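No value in this document is a laboratory result; all are computed from the given coordinates. Note that this is a predicted model, so its numbers are computed, not measured. Glycine gets a Cβ as well: all are built from the backbone with ideal geometry, and neighbour counts include every protein chain shown.
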Amino acid sequence: MPQLYDTIIIGAGIAGASLAYTLAKQRQKVLVLDKKGIASGGSGAAGAFVSPKIGKGSTLQMLTNEAFMYAKDFYLHTCPEYFHQTGVIRIPKDSEDAKKFSEYEKFNNMVYEVYSKERLHALGIGIDFDSFYFPDAGHCDALKICESLLRGIEVHRSNVEKLSFRDRLWICIPTQESRDKTFLSYMAQNVVLATGYESTLVDIRYMGIHGTWGTRGDFSSKLDLRVSMHQAMSVGSNVDGIIKLGATHEKEVKSPSPCSEEIAEGLKEKASSLIETSDLELKQVFCGMRAGSKDFFPLAGKVIDVPLMLEHYPKILRGAKPELIYRDNLYVLNGLGGRGFVFAPLMARRLAEHIVEEKSLDTRINPDRLFLKWCRRLQN
Ligand SMILES: Cc1cc2nc3c(=O)[nH]c(=O)nc-3n(C[C@H](O)[C@H](O)[C@H](O)COP(=O)(O)OP(=O)(O)OC[C@H]3O[C@@H](n4cnc5c(N)ncnc54)[C@H](O)[C@@H]3O)c2cc1C
């Protein structure tokens with residue numbers, strides 16, 4: 001007889017780890033399953049910079065910055081040793097971009113300072129544009145943060161092949177090869193899919209989850225670099241003799257491929273317009289998929305029963321708007337894009353409040369927003 005959990009989370013990236021931590025704090029009995037182990041997907045590859053979004057006050061910018069404010073406090077509270085609050089300097093990409101920075105200023109709804117070119121030069125940054133400095137921002141040790149959030153929580157290495165729902169309980173069935181001798185399957189009241197770009201366990205095509213491949217390089221260096229920065233790429237402060245450079249956005253990569261040293265060396269070349277890179281030596285390359293949603297907003301909420309909706313309401317394809325029917329106690333936490341370490345803590349909190357306290361979900365993150373549009377596109 002499999003053990004019974006309140007919630008099983010499939011996926012031990014930053015999404016799954018943040019949610020497991022939050023649910024366990026609410027006294028839930030939680031199990032996390034991951035086919036390759038903690039932070040083995042996009043999360044392990046991330047430079048894991050946690051900084052605000054600049055712009056002209058779009059809804060996505062405001063949500064990102066709410067999540068940023070929450071994330072930095074969350075990491076400082078839960079695992080301060082793995083969050084390096086070095087500040088991040090946001091540098092314009094070119095003179096056109098520099099002109100926009102003055103328009104962006106009134107939407108910087110968090111602590112910031114303008115750094116002049118003289119100030120940048122004094123820090124060893126060879127850029128002539130006025131930039132924004134966000135002192136509360138920083139970067140995480142991605143693997144260590146996920147491990148730390150999951151400390152004391154049951155995590156099994158297991159590749160879930162199938163989900164079935166019987167007698168109001170979910171059963172997670174692992175592949176034959178990844179089956180534990182003691183645990184042939186796992187049983188829970190709730191299941192949360194935090195599987196990143198791989199989302200084939202149930203039909204959630206309407207969420208439009210897709211991957212964008214990225215490469216990051218860790219370089220040894222003696223450079224006295226205490227601040228982090230972001231221009232077209234990010235450069236981390238020097239932590240224990242390592243400077244992180246990242247990351248690329250490789251849209252043509254459709255499934256994981258071996259990490260490329262050549263691409264990582266290219267990042268060093270690019271960083272040379274920002275900092276002195278002569279002593280940087282490549283130590284390790286990381287690569288992985290960022291899972292984004294159709295509209296780039298996070299996905300946190302219930303899963304709609306797609307086959308049932310399409311079968312019962314065929315008129316939905318032509319614009320009918322029937323009441324949505326959901327899979328019982330099945331949820332998703334995904335679509336965190338290139339900002340998983342910024343979004344995950346707040347999205348996990350919102351989803352946990354929904355699961356445990358039945359609080360209604362913020363429409364900006366509720367995946368329902370994408371369903372009817374997706375149905376109408378099926379018609380064409
Ligand atoms: C190169 C790179 C740089 C990045 N830099 C930053 C950054 O600076 N700042 C930032 O905030 N974000 C950054 N990101 C984005 C961030 O990494 C992602 O948003 C984050 O990884 C999303 O986390 P996740 O938990 O949703 O997905 P993932 O980390 O991909 O986790 C999904 C997990 O699910 C598991 N899984 C999938 N299917 C199954 C199954 N059937 N059974 C069991 N397990 C399964 C996988 O093994 C995986 O471990 C970067 C990403 C990349 C690739």
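Note the angle between two axes, namely the Cα long axis of helix 14-25 and the longest principal axis of the Cα atoms of the chain, as a number of degrees from 0 to 90, rounded to the nearest 10.
Roughly 60 degrees, rounded to the nearest 10.
At 222 nm, what value in deg cm²/dmol follows for the chain if DSSP H runs of at least 4 each add -39500 (n - 2.57) and the sum is divided by all its residues, to the nearest 500? Show your work: numbers first, answer last.
Values: 10 runs with 105 residues, N = 380.
Taking each H run of at least 4 residues, the total per residue is -8000 deg cm²/dmol.
Roughly what angle does helix 95-104 make with the longest principal axis of the chain, taking Cα atoms, 0 to 90 degrees, to the nearest 10?
Taking Cα atoms only, the helix is inclined about 60 degrees.
Per 10 Å bin, what percent of the C-alpha pairs of region 213-288 does each bin hold, from zero upward?
P(r) for region 213-288, in whole percents per bin: 20, 55, 21, 4.
What GluC sites (Glu not before Pro) does region 152-260 have in DSSP loop regions with at most 12 other beta carbons within 10 Å?
Filter output for region 152-260: E177, E252.
Select from region 205-296 those trypsin sites (Lys or Arg not before Pro) which occupy a DSSP coil region and have at most 13 other Cβ atoms within 10 Å, ordered by residue number.
Details: sites: R205, R216, K222, R226, K244, K251, K254, K268, K270, K283, R290, K294; in loops: K222, R226, K251, K254, K294.
Passing sites in region 205-296 are K222, R226, K251, K254.
List the cysteines of the chain that have no other Cys Cβ closer than 4.7 Å: which are they?
C79, C140, C146, C172, C375
For the chain, report the convex hull volume of the alpha-carbon atoms normalised per residue, in Å³, without decimals.
Dividing the Cα hull volume of the chain by its residue count gives 153 Å³.
Mind checking the log10 I(q)/I(0) for region 79-181 at q = 0.21 Å⁻¹? Debye, one equal scatterer per Cα, no solvent, two decimals.
-1.13
Explain nothing, just the number: dipole magnitude of region 213-288 about its Cα centre with +1 on each Lys and Arg Cβ and -1 on each Asp and Glu Cβ, in debye rounded to the nearest 20. Don't skip to the answer; put the middle values down first.
Details: 9 positive and 12 negative charges, 59 e Å.
Computed about the Cα centre, the dipole is about 280 debye.
Cα to Cα, under 19 Å, and not fewer than 8 places away if on the same chain: which aspartates and glutamates meet these conditions relative to K162?
D6, D34, E177, D180, E198, D203, D305, D328
Among the lysines, select those whose C-alpha is under 21 Å from the C-alpha of K144, and discard any that sit fewer than 8 residues away in the same chain.
K25, K35, K36, K72, K244, K283
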